1. Can you pull out the residues in region 451-473 that are crowded, with 17+ Cβ neighbours inside 10 Å and more than 30 Å from Ser415 (Cβ to Cβ)?
2. Those residues that are open to solvent by less than 10 Å² (accessible area, probe 1.4 Å), in a loop (DSSP other than H, G, I, E, B) and within 18 Å of Leu566 (Cα to Cα), I need them from region 185-233; list them, please.
3. If I filter region 543-560 for residues that are surrounded by fewer than 21 Cβ atoms within 10 Å (Cβ to Cβ) and farther than 30 Å from Arg32 by Cβ, do I get at least one hit?
4. Which one of Pro569, Pro532 is touching a strand residue (DSSP E or B) at 6+ places or on another chain (Cβ under 9 Å) and without any contact (Cβ under 8 Å) to a residue 12 or more places away in the chain?
5. State all residues of region 640-659 that are assigned to a strand (DSSP E or B), open to solvent by 40 Å² or more (accessible area, probe 1.4 Å) and either on the phi > 0 side of the Ramachandran plot or not β-branched (Val, Ile, Thr) (or both); if no residue qualifies, say none.
6. Among the numbered criteria (1) open to solvent by less than 30 Å² (accessible area, probe 1.4 Å); (2) touching an Asp or Glu at 6+ places or on another chain (Cβ under 9 Å), which single criterion is violated by Tyr623?
7. Quick check on region 429-437. Is at least one of its residues more than 30 Å from Pro47 (Cβ to Cβ), aliphatic (A, V, I, L, M), in a loop (DSSP other than H, G, I, E, B) and over 28 Å from the mean Cα position of the chain (by Cα)?
8. Restricting attention to region 803-815, does a residue exist that is open to solvent by 40 Å² or more (accessible area, probe 1.4 Å), modelled with pLDDT of 90 or more and assigned to a strand (DSSP E or B)?
Amino acid sequence: MKNIFLLLFLLSAGLNLKAQMGGPNVGTNDDRGKITGVVTDSLTKQPVDYATVSIYKQGNNSPFNGASTDPKGNFTIDGISPGDYKVTVDFLGYKRHTIDHVVIGGGNKNVLLGNILLAPAQNSLKEVQIVGHAATVENKIDKLVYNPANDLTSQGGVALDVLQKVPMVSVDINGNVELMGNTNVQFLINGKPSTIFGASITDALQAIPASQIKSIEVITNPGAKYDAAGTGGIINIILKDNNVQGVNGSVNLTAGTRLENGNFNINAKKGKIGVSAFFSGNESLTSATPSSGNRTSTAGDTVTNLNQNGVSNFKRSGYRSGFSFNWDITPKDALTASINFNHFGNNSNGYTNNFQTTNTAGLMTDTNSVNNSTSRFSDNSTDWSLFYKKTFKNKDQELDVLYNQSSGSNNNDYSQQQDYTNVIFPPAGSIGSNPGTDKETDISIDYTQPVTKTFTIETGAKATIENISNSVVTQTLNNGVYLPNPFQTYSFTYGRKIYAYYLSATFSLFNNFLNGKAGLRDEYTVSTSDFPNTTIPSYNILAPSFVLSHKLDKTQTIKFSYSYRLERPDYNSLNPFYNISDPHNISTGDPNLKPELGHNFELGYNKSFSNGANIYVAGFYRYNTNDLQSFTTFYPNLKIGDSTYTNVSLSQRDNIGREVTEGVNLFGSLPAGKFTFRSNMFFADRITTDPGLPEVSGFTYRINLNTSYEFVKTLAAEFFINYRSSQRTIQGTNPGFVFYNFAVRKQLFDRKASIGFVATNPFNQYVNVQSNTYGPNFNQNSLRQIPLRSFGISLMYKFGKLEFKKEKEPQDNGTPDEAPVTPATAPTGGGGGK
């Protein structure tokens, strides 16, 4: 760990020295300034989120720097060399606001633009199209934000395709997501939990179209306001919405050789009332995946070798729809209600040839068979929430109350039959059905109170109530007839209640030399289960967290953060259902699992350049106990109910001792004329220690490169390549793989429509995935050939007729409204933006 921090320190010092030695046209670090302000709707006096603020050199038509506003309308742009600039503010449905002659230099380095009032476009019939682009990656004090608006290779794809591009995030070939090398990640949608992620995170992420995603927030060390769940951190998927007066929407369609999807959005707002609705659906077309494997096992003086090969045909589909209602009751009171419906599922069928050779004291026995199997999984869920927001005369004072409920039902079915080809054994088979439900209710209240300009207190409480229930019905083949098996038929219920309270503070110390946020969260968990021989004790944790940030100069920031977190076992990990679709490779869950506990440290360095280039380097150290990992145990004979299965690998999640992970993540972005280059590199070493097993060190790295080229303003192309190395685990090796994409997009009709083409792995039909698993009495190698090659075409169309009617300006207890900034040299100010 100390080597990583030393590397970051040397890199920071070197870049700082290089910046100080820049030429006279660049300006020294001490000369650089910043521009801050707040963007507000001139009618409703509500902040305008995601407005685009651009800075132009006088006489130029292209901006050289910019930012997007946060949910409170604030923006800050750092690292601006001395000069005379023009600032513009854009957002769909509003007139462009221009401020000329914003001067930095001559003792006027920190420019406060104050409250910028955006006036709605007064077009009642004419369609309005205003284009603005936020930075692809925004590095904030407590999170990193990825904006996929110009992500060409993900157009027509799903959330997993977008996550491949996000710094610090990695997605393996099976769709498992890691954050800083840790798979225990808490996923949120618009800041709220959903049971859509409970049954299958991979399937849930496949059901969210990329075109629906506004941004993805990565929070590696969440503050006390967030749930303590997720030792890897939090990934918050922000879906697109619109708070613009009038009616507008979009349609996206994609057709391809591997994936088809489409979505429709419509938004309407007039005065204080706004409504929106959406529908999206996607389908992964049936694909055939060849596979093969070899396992050698020992039991006493018997050595068994099992060779398998076969093909599995797989298909996935899903859809989502939703409706939301927004009511600005008063300028300081807002109510939002929403309801979403989700469905996704998959099914597969295939065959496996089994060639088994048993050697007992020199006596050889061959047993050959063919296993035909099917499996089907489906999940339906409904999320609804009611959110009340109260603001006050005191800036940043806020009260939030949220009620959120998510209910899901899922079903997991399988069937398998094994027919022997060289011995006279009767066919063996089973049919299993596992329906279940998952319901989660969250009630939270949060309050923010500014004490001084540099000190703010946040506090709140939350209650989470979760109930899981499922049943298992199994039939086994007996003399050619499938009969109910009472020994493999049972039910399972699991309840969990979490009560939390937190207190945190945001502060600035030593004349803004050090900015930070620190807090403490207390969570008390009560769990119950009716599964036999299962007792789950209640437990309480105190989860501290903090982040400290220091600006080395106007273009360089260094921050250090820490959080203490836990990972509670999810639905699949707890569910004791045995999946016997392959009787030689069985999986199940364990209701007795304990939560994983983790300490996370991170040291980050960010540097921006005047030409728009940016780098971010983060070193991290993570220490986990009761680490949750998949573990495989080999059984010569495994009895489940009244049935005995031979030569079986049983896989399930287990609490594996402790795990230490340390590494570095590097992200860089470089505009070069019509080219833009982005790269994300991740290097980490994971050391796993489990009592009774040797310590295992597994080094891994991931490198991707994204290159885009703009032929003209409306035509662009992009290339993306991603390589992930293999990694040793406590029981073997996780596979490495590489894939690449090409994409091109043409915008039409004044950017209201576009057509795009994407090719994935066009020169390789399969991605070969090799893995190894071993234990004290077995060694297993496997190969899967995953068909990733695909071609697709996507279409997008935006529409919207804006209708405005100027209303009487609301009065605020006699407080006069702020006037827009006069287009002149703005006064010097300190603060005013986050």
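The values are calculated or read from the model by the stated rules, or taken from the named source; none is laboratory data. This one's a predicted model, so the numbers in the text were calculated from it and none came from an experiment. Quick reminder, even Gly has a Cβ in these numbers, built from the backbone with ideal geometry, and neighbours come from all protein chains shown. Note: accessible area is taken over every heavy atom of the protein model, side chains too, but ligands, DNA and RNA are not part of it. Shrake-Rupley method; radii C 1.70, N 1.55, O 1.52, S 1.80 Å.
1. Result: Thr456, Glu458, Thr459, Gly460, Lys462, Thr464, Glu466.
2. Scanning region 185-233 gives Pro222, Ala224, Ala228, Gly230, Thr231, Gly232.
3. yes
4. Pro532
5. Result: Gln652, Arg653, Asp654, Arg658.
6. The one condition Tyr623 does not meet is (1).
7. Checking region 429-437: not a single residue is more than 30 Å from Pro47 (Cβ to Cβ), aliphatic (A, V, I, L, M), in a loop (DSSP other than H, G, I, E, B) and over 28 Å from the mean Cα position of the chain (by Cα).
8. No; the residues of region 803-815 include none that is open to solvent by 40 Å² or more (accessible area, probe 1.4 Å), modelled with pLDDT of 90 or more and assigned to a strand (DSSP E or B).
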